[in-house]
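**Student:** Sharing a structure with you now.
The values are calculated or read from the model by the stated rules, or taken from the named source; none is laboratory data. Note that this is a predicted model, so its numbers are computed, not measured. Please note: Cβ atoms are built from the backbone with ideal geometry, for glycine as well, and neighbour counts cover all protein chains shown. Heavy atoms of the whole protein, side chains included, go into the accessibility calculation; ligands, DNA and RNA do not. Shrake-Rupley method; radii C 1.70, N 1.55, O 1.52, S 1.80 Å.
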Amino acid sequence: MKTAILLTLFLLQAVGLSSKVLQPSADADALNDTLFVYLNDGGMDAYPSSLASISRLPDGAVEAVWKDGTIITYPAEEVDSISHDAPAVLPRLTQLKINNKHNDQVFTDVLADITDDGQVNLQIGAIGKWLTPSFQLSDESATAYIGNEPQQSMVSRHRFDKAIPYTVAYPDMRILRQLSDEDSHDSLLTMMPFGSDYTVHVDWLTDRADNVPTISITTDDGKMITSKEVYVGATITIDGAGVFPSMKTTPVQIKGRGNSSWVNSATAKNPYRLKFDEKVKPFGMTKGKSWVLLANTLKGSMMANAIGMKAACIVRTAGANHIIPVELYINGQYRGNYNFTEKVGFSNNSIDLEDESLATLLELDTYYDETYKFKSSPYNLPVNIKEPDFSENTTSLTMGDIRAHFNQWVQLLQSGEEIAPMTDIEYLARYLAVTDLICNCELVHPKSVFLYNEDIKNGGKYVFGPVWDFDWAFGYEQSALYFQRSQQLDLFNSVHMEARQFVKDLRYVSQQLDRAYYKVWTLLMRDGLEELLDFSQDYYDYARPSLEHNYQQWHDGNNYATVANNARKWLSQRAEYIYSHLTPYDLTEEELTPVTGIVDIRYDDKDSRQTSPCLVDVYTLQGICVKRQVPVTELRTHLSKGIYIVNGKKMSL
């Protein structure tokens, strides 16, 4: 009956046009001289006279002849009427919001202003221009579309560097439109959703900023920080540079931090740790007492931590950190470009647990420099106990409890048996995927490898994360250059360091992990890599004035435009290399269905941590909704085999 429409949509997807936001031509927008074919099943197809001619056939059928020669025939028994009158009531967009719980770079919720003429305006201070909107519609049976792709609130993610057209429509109402592709200058006629049209405009405050935020720290004694052990009293003031919230002058304590990054000199560009008396929200980030200023002193390194942390956010590793580039002044003296980020630990802005009394946070690190530490048996891993602090009497555990339980886990790993009973396989897959992507050989030393267990007494599993310390990643370990070497390095088999056997066993002993690893990489290649590549450029564009200012002080290399370009190429090449060498698995629809928003355990709203079965909408390629808000496990029930759109993605069911 409507075979020609199905063929047209198939061709649209085949040539790649459906992956872009294509703009309808002006004549297709005009409803003057448009004929509406109303169908008995409640559907409607609209045809502007400039794009198609409509006629009745002798047998009562209705024929639509598109200007490209396509002919659509509606049998007489399916047609209710033909009219120049548009539907009297159309569904509307009643609210659109950018919620920080679903957007890792947005720290403050932003509610859009929706005008009567369909303009949706947002002003956002964030680095990276991909967003996941949350929206409400006037009718729950309606759907929001970008082009022909149905959008799901809190799930669908797009880049908003230009105006994005949305249509709110009932799934069975369509209009013929002529689409144009700005890149290829191609055009194509296709049926699109017919409803209320909106255009989303984002005013990016980062595009207006002259520089990144400024942090000014004044020590009580007026002297530079020279100790990693002793805090110095100080005050801190933050100027958000018109992008992020500012902070008035506030008491803070500061000391040095780091291992190889720390230089015992008052004049060096050193990293620092900050501790407030009360929880604070600098830059609008999640509340916390402890924060870190990363110095990035290695030549060419000032984008490494930002890109690595963004990769962790995209892949959704446990407790992924966020990076804000800042200009740092101490006692009025310019200290350079720094990264402001959360301190890894048990707190609601890092690893936020309901009950810490039976929990532990461990760091595998060859520096082996914590008060509480032990060597594992087997593998002889250097294990620092970061949490709990036994001197604070907040735990029911002893050091012996932690050592015995961790050794039980590594013994299970070495035995070759499945490690899933004691390991969160999903988070391990995410952790290893980020580590592999950025080629962070620190894992194989090991250094800065964090993992935690919420309850070692009652079957708690080890969770790998947060990821940390990217100074020697992105090929730097092999060449002292960032984003230029090691695109095809096999991290788990070809890096010969102290923990080589441990890392190899960790990656390959679990069949469940191997499948989960392939799933994480499949989702990254499908949904996340493009955003990471864009972020690499977005971060440079925003931080450029500060990077240039830093060069004047420290002469670390000023060609970060080349670094950003190399980063995009390197990440793309490395991702393709890794994915092409993985064992492929036949993944289920549930495994490939995106979760609702960015899952992050740190937000203050405890209710946001509750999980429920993922519900999805299922559409035909013609845009007809055949299932609404059904569990992913019920996708195939009562459906004929074929290609469907599930949460905006094509799937074979």
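**Student:** Once the dipole of the chain is set up with Lys and Arg at +1 and Asp and Glu at -1 on Cβ about the Cα centre, which of L513, T562, I385 lies farthest towards its positive end?
**Tutor:** I385
**Student:** Also, I was wondering about something else. What FRET efficiency would be calculated for the residue pair N458, K162, taking the C-beta separation as r and a Förster radius of 41 Å, to the nearest 0.05?
**Tutor:** About 0.20, to the nearest 0.05.
**Student:** Placing +1 on the Cβ of each Lys and Arg and -1 on the Cβ of each Asp and Glu in the range 64-144, which of I71, A126, S141 has its Cα farthest towards the positive end of the resulting dipole?
**Tutor:** Farthest towards the positive pole: A126.
**Student:** For the range 104-118, just list the computed ³J(HN,Hα) in residue order, Karplus coefficients 6.51, -1.76 and 1.60, θ = phi - 60°, integers in Hz, with x standing in for Gly and Pro.
**Tutor:** 5, 9, 9, 9, 10, 4, 10, 9, 6, 9, 10, 8, 5, 8, x
**Student:** Let me ask you something else. Compute the signed sum of charges (Lys and Arg +1, Asp and Glu -1) over the other residues within less than 11 Å, Cβ to Cβ, of Q253.
**Tutor:** Overall, the nearby charge balance is +2.
**Student:** For the chain, take the longest principal axis of its alpha carbons; what is the angle in degrees between that and the long axis of helix 560-580, to the nearest 10 within 0 to 90?
**Tutor:** With both axes taken from Cα atoms, the answer is about 80 degrees.
**Student:** Then there's this: Using a 1.4 Å probe, what is the accessible area per residue for the chain, in Å²?
**Tutor:** 41 Å²
**Student:** Can you tell me the orientation of helix 529-554 relative to the chain, as the angle in degrees between its alpha-carbon axis and the longest Cα principal axis, to the nearest 10?
**Tutor:** The answer is roughly 40 degrees.
**Student:** Which order do the peptides 326-332, 211-217 take when ranked by the mean count of other beta-carbon atoms within 10 Å per residue, highest first?
**Tutor:** In descending order of packing, they fall as 211-217, 326-332.
**Student:** Students often forget the sequence filter, so: which lysines lie under 17 Å Cα-Cα from K373 once same-chain residues fewer than 8 apart are removed?
**Tutor:** Reachable lysines: K386, K447.
**Student:** A further question on this structure: Which of the aspartates and glutamates could a cross-linker span from K504 if the Cα-Cα distance has to be under 18 Å and same-chain partners fewer than 8 positions apart are dropped?
**Tutor:** D365, E417, E418, D424, E426, D436, E442, D490, D514
**Student:** What does the charge add up to near L547, with Lys and Arg as +1, Asp and Glu as -1, over the other residues with Cβ less than 15 Å from its Cβ?
**Tutor:** Residues near L547 contribute -2 overall.
**Student:** Give me the percent of accessible area attributable to carbon and sulfur for the range 114-225, probe 1.4 angstrom.
**Tutor:** 42 percent
**Student:** Percent of accessible area on the range 436-539 owned by carbon and sulfur, 1.4 Å probe?
**Tutor:** Carbon with sulfur: 43 percent of the solvent-accessible area.
**Student:** Which of the following values of semi-axes √(5λ) of the Cα gyration tensor in Å was calculated from the structure shown: (i) 49, 29, 26; (ii) 50, 35, 19; (iii) 50, 29, 22?
**Tutor:** (iii)
**Student:** Using only the alpha-carbon atoms, how far is helix 425-437 inclined from the longest principal axis of the chain? Give it as 0 to 90 degrees, nearest 10.
**Tutor:** Once rounded, the angle reads 80 degrees.
**Student:** Can you pull out the trypsin sites (Lys or Arg not before Pro) in the range 363-462 that DSSP calls coil and that have at most 15 other Cβ atoms within 10 Å?
**Tutor:** Here the trypsin sites (Lys or Arg not before Pro) that fit, given the DSSP loop and packing criteria, are K457.
**Student:** At 0.36 nm per residue, minus the direct Cα-Cα distance, what do S55 and R526 gain on full extension? Give it in nm, one decimal, please.
**Tutor:** 165.2 nm
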